[in-house]
Each structure stands twice: as structure tokens, then as C-alpha cells.
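The values are calculated or read from the model by the stated rules, or taken from the named source; none is laboratory data. This one's a predicted model, so the numbers in the text were calculated from it and none came from an experiment. Positions of Cβ are generated from backbone atoms using ideal geometry, with glycine treated the same way; all protein chains shown enter the neighbour counts. We work out accessible area using only protein heavy atoms, side chains counted, and drop any ligands, DNA or RNA first. Shrake-Rupley method; radii C 1.70, N 1.55, O 1.52, S 1.80 Å.
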Amino acid sequence: MRMRKKTGYLLLMLLLLLVPVAAWADKTTVDDQAGLFSQEEEQELTDRIVELTTDWNMDFVVVTTEDAEGKTSEEYAEDGVLYLIDLDNGSVWISTAGKMIRYLTDARIDVVIDAGYDNLKAKNYADGILEMLNETESYLEDGIPSDQYNY
């Protein structure tokens, strides 16, 4: 599993989780523990995630939290997640597992985070996440970079 932390997000801790272990069991697509989304926003995110999952045969899950249970964002993300908004620690984490490791290089992860940054900072969390999901899909469409390799 590879993780990438992007700091400098003053008012925002958003942790968008892709492929958390718990989500595999119940197929939860949005776990809004921090209560950031309206019911309509949660449904919009769920619909987009179902579309991405169907198109790419990978699971996408969004998780928000206000209480990282004493863990850093990195430690919280190590529980088998891809993207996380963490209001408790004030940082954005993207952790990749499986096939996604090959698609999302460090440079691409930075672009994905940046795609949603303005909306996340403005507390338009659902719009920020949708932008991040769309940017992720654009990289899936681009394919694995020719110079990509794993250590």
C-alpha cells in the first residue's frame, strides 16, 4: 500500500477513502461520519461511485470523520483506505491499494487532491469529492503511465 500526504490545508481535513476493508463486507459507498453531506449530496456521491465501480471494476468509498480516534491521518488511512477527509487532523490523504497503485502516481495524486481543494476549503465537500472522483477517472482513462513501476 502506498500513501501520500498533502499538507497546508488550513481549514480542511477531508479524507476520501477508496477501498476500505470494512466497505468490502457491506458495500457501503459513503460513510459520512462527520455529517458533511446532505441526503441529496450523499445520494449524488453514491450514484457517481456506483458508476465508477461499474465502469472500472474497482471499489470507491468516501469516508469523512471528525474523530480519528487518536490516530494521525496516515494511521487512519492505513486501515485499508484510498481517500480520506479528516477534520480531526486537518490533512488530506490518498492511499492506494491493488490496481490503483499503478494508475495514481504521486504526481497524479497531487493533481487529484488539487482538483477538489477549492471546494473542500469552501466547505463544499460533496462538490470537492466529485471533482476528485472525476479527476481519478480521467487518470483511469489515461491508463497506467509508461514509466510507472513499483518498488
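When the residues of the range 99-126 are filtered to those that are among the acidic types (Asp, Glu) and under 23 Å from Phe37 (Cβ atoms), the one that is least open to solvent (accessible area, probe 1.4 Å) is Asp114. From the list Leu11, Leu87, the one residue that fits, being farther than 16 Å from Thr136 by Cβ and at pLDDT 80 or above, is Leu87.
Scanning the range 83-96 for residues that are open to solvent by 40 Å² or more (accessible area, probe 1.4 Å) and either under 16 Å from Met58 (Cβ atoms) or of a type outside the set (S, T, N, Q) (or both) returns Leu87, Asp88.
Against the definition (among the β-branched types (Val, Ile, Thr) and either at pLDDT 85 or above or open to solvent by 50 Å² or more (accessible area, probe 1.4 Å) (or both)), how does Val30 come out, yes or no? Here the answer is yes, as Val30 does meet what is asked.
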